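Structure record follows, encoded as structure tokens.
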Amino acid sequence: MQRIFSRIGRLVRHRWAELYLSQRIPPLLLDQLEALITASEQHHTGQLRICIEAGLPWSYIWRDASARERALSLFGKLRVWDTEDNNGALIYLLLADHAIEVVADRALHRRVSASEWQAVLQGVQQDFRRNAYADGLAAVLERLSSLLVQGFPRSDSGAREDDLPNAPVVQGRIFKDL
């Protein structure tokens, strides 16, 4: 019985987060994030995606799924794994839980140590707890971009087409769920 009440409480918290999605993640912030990704990708061959979700879908809440599980699912659905050099990365933000996950493709994951991944996310949880989503996401993008420049610098041989769109994906009740 306790488990059912816990799930119902989580469901309410996740649906409640949808009411404030547009206040916490305004269109101007989405434009800024897209510009940061575009600028970042001028310096490395990696591909970056951001997915922001107000709350988990009911099916994830019912089975007590984590933000990490949802991030892994969206990594596939958004085709982040489908890049030429296998060096894509998904930054996933779950507003209801103030959770952030970074999922990296094979080539990127092999080049980054556990301590470097921790450094990417360092301090970001505090930004999210105080609703400073712009600061937190910009910091994660900057740190992740630095790792990509180190491991996958763009050569001077010319521009390359983007494998993935740079615009963040926003999920919520008013948006179509993936």
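The values are calculated or read from the model by the stated rules, or taken from the named source; none is laboratory data. Here the structure is a predicted model, which is why all the values come from computation and not from measurement. Heads up, the Cβs are rebuilt from the backbone with ideal geometry, glycines too, and the neighbour counts pull from every protein chain shown. With ligands, DNA and RNA removed, areas are computed over all heavy atoms of the protein, side chains included. Shrake-Rupley method; radii C 1.70, N 1.55, O 1.52, S 1.80 Å.
Figure legend. Inter-residue proximity from the stretch 1-16: first residues farther than 14 Å from A65 by Cα and in a helix (DSSP H, G or I), second residues acidic (D, E) and open to solvent by less than 70 Å² (accessible area, probe 1.4 Å), beta-carbon distance below 9 Å, spacing 6+ or different chains. Indicated pairs: R13/D97. Within the stretch 1-17, how many residues turn out to be more than 24 Å from the chain's Cα centre (by Cα) and open to solvent by 80 Å² or more (accessible area, probe 1.4 Å)? Adding up the residues that qualify gives 5.
Matching residues to (1) open to solvent by 50 Å² or more (accessible area, probe 1.4 Å); (2) closer than 22 Å to D82 by Cβ:
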position: H109; (1), (2): yes, yes
position: A119; (1), (2): no, no
position: Q122; (1), (2): yes, no
position: E142; (1), (2): yes, no
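Residues that are among the hydroxyl-bearing types (S, T, Y) and either farther than 19 Å from A17 by Cβ or not in a helix (DSSP H, G or I) (or both) were ranked within the stretch 123-148; the one that is nearest to the chain's Cα centre (by Cα) is S145. Taking the conditions (1) part of a helix (DSSP H, G or I); (2) modelled with pLDDT of 90 or more in turn, Q118 satisfies each one other than (2). Give the residues of the stretch 21-30 that are under 28 Å from G151 (Cα atoms) and part of a loop (DSSP other than H, G, I, E, B), sorted by residue number. Across the stretch 21-30, there are no qualifying residues.
You will find that of D156, D163, the residue that is outside any helix (DSSP H, G or I) and in contact with an Asp or Glu (Cβ under 7 Å, 6 or more places away or on another chain) is D163 and no other. Filtering the stretch 46-88 to residues that are among the polar types (S, T, N, Q) and buried (at least 19 other Cβ atoms within 10 Å of the Cβ) leaves Q47, T83, N87.
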